[in-house]
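Readers should treat all values here as calculations from the given coordinates under stated rules, not as data from a laboratory. Predicted model, so just to flag it, every value in this text is computed and none were measured. Note: ideal-geometry Cβ built from the backbone for every residue, glycine included; neighbour counts use all protein chains shown.
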Amino acid sequence: MHHEVMICGTGGQGVLLIGHLLAHAGMLENKHVTWLPYYGPEKRGGVVNCSVVISSEDIGSPIITAPTEMIAMDLAKGQVELMARPNAAFFYNASLQQRKIGRADLEIIPIEANDVAKKIGSVKVANLVILGAFIAQTKLVYLDSVFTALEELLGKKNEKVLNMNKEALLRGGQLIDC
């Protein structure tokens with residue numbers, strides 16, 4: 001098992017957080033993991049992405065040139081789908097779709113992440129909605145491992161925020177299970 005996941009979007013959308021959660025969950029499951037964030041100098045609104053490699057074997061490099069799976073929080077920053085290898089799973093936030101996906105050889109999985117997040121109570125959890133859908137589809141890590149990673153990374157200080165994040169993960173998973 002060897003998965004190379006690229007997560008991309010705009011600063012402030014929680015791209016780095018969901019990559020970190022995915023990598024942390026993989027570590028909790030004793031898998032080989034790398035997490036490599038990239039962000040520009042802007043605080044919000046700039047290009048942000050991260051690569052996560054999760055494998056059952058040693059990982060030679062954290063650098064991804066052709067991801068096996070992608071998550072795009074928005075499509076405004078160029079044709080990110082061009083990076084994916086053929087037949088890759090391409091999850092994107094359909095609530096913010098600005099254009100048509102330019103590849104027919106991908107498994108396109110639209111997720112209305114912002115719309116679901118608003119129903120939960122905050123658009124800020126849209127990233128966790130799409131992560132929940134990603135986990136339900138790929139089964140790359142267990143959802144319980146992501147819950148543990150969430151608690152370890154964010155702490156248990158604000159129970160309401162933690163519960164909203166967990167609900168977003170569950171609701172995202174339900175979008176796939178339907």
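Would you list H32, H2, H20 from fewest to most Cβ contacts within 10 Å? Please list the in-between numbers first.
On the way: H32 15, H2 11, H20 19.
Placing the least packed residue first, the sequence is H2, H32, H20.
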Between the alpha carbon centres of region 78-150 and region 4-29 the gap in Å comes to 11 Å
Considering only DSSP beta bridges with both partners in region 2-177, what is the antiparallel share in %, to the nearest 5? 55 percent
If I build a Gaussian network model for the chain, linking alpha-carbon pairs within less than 10 angstrom, which residue out of A25, A88, A104 has the largest mean-square fluctuation? A104
In nm, the gap between the two label points placed 7 Å beyond Cα toward Cβ at I108 and E57 is 3.4 nm
With N set to the number of residues, divide the alpha-carbon radius of gyration of region 110-159 by 2.2 N^0.38 Å and report two decimals. 1.20
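For region 77-178, report the convex hull volume of the alpha-carbon atoms normalised per residue, in Å³, without decimals. Don't skip to the end; give the middle numbers.
Numbers: hull volume 11.6 nm³, N = 102.
Normalising the Cα hull of region 77-178 by residue number yields 114 Å³.
Of all alpha-carbon pairs in the chain, indicate the percentage at a distance above 30 angstrom. Walk me through the numbers on the way to the answer.
Values: 1514 of 15753 pairs.
Result for the distance tail: 10 percent.
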